[in-house]
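Trainee: My questions will all concern the structure given below.
The values are calculated or read from the model by the stated rules, or taken from the named source; none is laboratory data. None of the values given here were measured: they were computed from a predicted structure. Note that each Cβ is placed from the backbone with ideal geometry, even for glycine, and that neighbours are counted across all protein chains shown.
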Amino acid sequence: MTLGWVYADRKERWESSAALGFNLTAGNSDTVLFTLQVQTEREWEKDLWRLGVTGSYGENDGDKSTERAGAFAEYQRLLTERLYAGLKLEVAHDAIADVEYRATINPALGYYFIKSERTQLSGEFGPSFVLEKTGDGTKEYVALRLGERLEHKFNDRAKMWQTAEIFPQVDVFENFIARAEVGAEAALNSKLSIRVVVKDEYDNQPPAGRKNNDVAVISSLVYNF
């Protein structure tokens, strides 16, 4: 999950990556977890396109512990050197959280507070149109969306990033979703790298019988192509 970000250098072609994670334990506790993320992006002089799909599945002692899937498409257009407008479409599924689907349309206006070759810090805001189906039924509503993203490249082989966003429903502020992510990636060679990500999603009014907070720590091997 990423907000308001473009590379400082133009990309002359689509740049893509596939990240695969696998965790397995056996003994007193038998667990298995698969994660997969495929993403591609390209930047022109003033335009940026980003597309991606994610999925994860896990079991704990034979019981399903994770079943998530999602996809997104994002477009950004620079209006000035630092000001930009964007549109992001997302759809997500989380069986354990009892979310059959949650689809959002997020137009936004954003600004780069820092935009250098190695560091970018941006913030954006706008409305979010939400359609979701959970164990409590189907509903649609309009939310506000506030988000920020920080990325820093230590060198050509290592980088870190941090994102946060919140979606409060405009007429029921007690109904909100907040997300945060912290990640780091280091290259092994020109094609392979190692990535570690910590994700946190908080639903202030989750479906009945579900907890508010979900935290995931994901380590994966990334292939760049």
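Trainee: Within region 11-24, can one find any residue that is under 27 Å from Glu140 (Cβ atoms), assigned to a strand (DSSP E or B) and of a type outside the set (A, V, I, L, M, F, W, C)?
Mentor: no
Trainee: Just give me the residues in region 78-135 being under 21 Å from Glu45 (Cβ atoms) and in contact with a Gly (Cβ under 7 Å, 6 or more places away or on another chain), in sequence order.
Mentor: Listed by number, the residues that qualify are Tyr84, Gly86, Ala108, Leu109, Gly110, Tyr111, Ser122, Glu124.
Trainee: Hey, among the residues in region 82-98 that are part of a strand (DSSP E or B) and among the acidic types (Asp, Glu), which one's surrounded by the fewest Cβ atoms within 10 Å (Cβ to Cβ)?
Mentor: Looking at the filtered set, the residue picked out is Glu90.
Trainee: What's the number of the only condition in (1) surrounded by fewer than 16 Cβ atoms within 10 Å (Cβ to Cβ); (2) in contact (Cβ under 8 Å) with a residue 12 or more places away in the chain; (3) more than 21 Å from Glu132 (Cβ to Cβ); (4) not polar (S, T, N, Q) that Glu174 fails to meet?
Mentor: Going through (1) surrounded by fewer than 16 Cβ atoms within 10 Å (Cβ to Cβ); (2) in contact (Cβ under 8 Å) with a residue 12 or more places away in the chain; (3) more than 21 Å from Glu132 (Cβ to Cβ); (4) not polar (S, T, N, Q) one by one, Glu174 breaks only (3).
Trainee: Of all residues in region 28-81, count the ones that are assigned to a strand (DSSP E or B) and over 26 Å from Gly126 (Cβ atoms).
Mentor: As a first pass, look at region 28-81 and keep what is assigned to a strand (DSSP E or B): 31-43, 47-60, 63-78.
Applying the additional criterion that residues be over 26 Å from Gly126 (Cβ atoms) yields 31-36, 38, 55-60, 63-67.
Residues in region 28-81 being assigned to a strand (DSSP E or B) and over 26 Å from Gly126 (Cβ atoms): 18 in total.
Trainee: Looking for whichever is closer than 29 Å to Glu67 by Cβ, over 17 Å from the mean Cα position of the chain (by Cα), surrounded by 15 or more Cβ atoms within 10 Å (Cβ to Cβ) and not basic (Lys, Arg) here; the options are Tyr141, Tyr101, Tyr112. Which one fits? Talk me through it step by step, then tell me what you get.
Mentor: On the way: Tyr101 fails: over 17 Å from the mean Cα position of the chain (by Cα); Tyr112 fails: closer than 29 Å to Glu67 by Cβ.
Answer to the check: Tyr141.
A quick yes/no check of all residues on (1) over 15 Å from the mean Cα position of the chain (by Cα); (2) not hydrophobic (A, V, I, L, M, F, W, C):
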residue: Val32; (1), (2): yes, no
residue: Trp44; (1), (2): yes, no
residue: Ala92; (1), (2): no, no
residue: Asn106; (1), (2): no, yes
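Trainee: I'm told Ser29 meets every condition in (1) over 26 Å from Ala178 (Cβ atoms); (2) surrounded by 15 or more Cβ atoms within 10 Å (Cβ to Cβ); (3) modelled with pLDDT under 80 except one. Can you identify the failing condition by its number?
Mentor: It fails just one condition, (2).
Trainee: Please tell me if Glu165 is assigned to a strand (DSSP E or B), touching a Lys or Arg at 6+ places or on another chain (Cβ under 6 Å) and over 21 Å from Asn106 (Cα atoms).
Mentor: No, not satisfied.
Trainee: Further, regarding this structure: Which count do you get for residues in region 185-225 that are assigned to a strand (DSSP E or B) and surrounded by fewer than 16 Cβ atoms within 10 Å (Cβ to Cβ)?
Mentor: So the count comes out to 13.
Trainee: State all residues of region 194-211 that are touching a residue at least 40 places away in the same chain (Cβ under 8 Å) and either over 24 Å from Arg145 (Cα atoms) or out of contact with any Asp or Glu (no Cβ under 7 Å at 6 or more places or on another chain) (or both); if no residue qualifies, say none.
Mentor: Correct list: Arg195, Asp203, Pro206, Ala208, Gly209.
Trainee: With (1) loosely packed, with under 15 Cβ neighbours inside 10 Å; (2) under 24 Å from Ala216 (Cβ atoms) as the list, and Asn155 as the residue in question, which single condition is left unmet?
Mentor: Asn155 satisfies every listed condition except (2).
Trainee: What number of residues within region 155-166 satisfy the criterion of being farther than 17 Å from Val197 by Cβ and at pLDDT 95 or above?
Mentor: So the count comes out to 1.
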